[in-house]
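Colleague: Pasting in a structure now, in structure tokens, and then I'll have a few things to ask.
A short reminder: the numbers here are calculations on the coordinates, not readings from a lab. Keep in mind it's a predicted model, so treat the numbers as computed, not measured. Cβ placement follows ideal geometry from the backbone for every residue including glycine, while neighbour counts extend to all protein chains displayed.
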Amino acid sequence: MTTQGRYGKGQAQGPKNGQTQAQQKYNQAQAEGLTRIHIIGTPSEVDAAFTRLSHVLDVVTRSKHIPRREEEGQVTIYITARIDG
């Protein structure tokens with residue numbers, strides 16, 4: 001008997017190389033001399049923290065505010081920054 005798993009019919013299987021998408025992004029960022037940072041807080045706290053970090057880090061990307069389901073009124077943003085040199 002087969003089951004309907006997360007990845008379609010049959011036995012549930014993860015990504016082909018055994019890494020999640022997040023792990024693949026992390027590994028790619030490291031190979032490029034980048035680090036991924038996430039900041040959690042109220043929208044104004046997150047914006048203030050980002051502003052301060054952008055003065056000391058070479059920020060490559062920044063996500064939009066993502067609401068946190070487990071904490072009402074809190075958001076997360078993700079930053080990718082260059083750390084080599």
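Colleague: Give me the extension gain from Glu32 to Arg62: residue separation times 0.36 nm, minus the current Cα-Cα distance, reported in nm with one decimal.
Modeller: Values: separation 30, 0.36 × 30 = 10.80 nm, distance 1.67 nm.
Extra length available between Glu32 and Arg62 comes to 9.1 nm.
Colleague: Mind ordering 46-55, 66-75 by average Cβ neighbours within 10 Å, highest first?
Modeller: 46-55, 66-75
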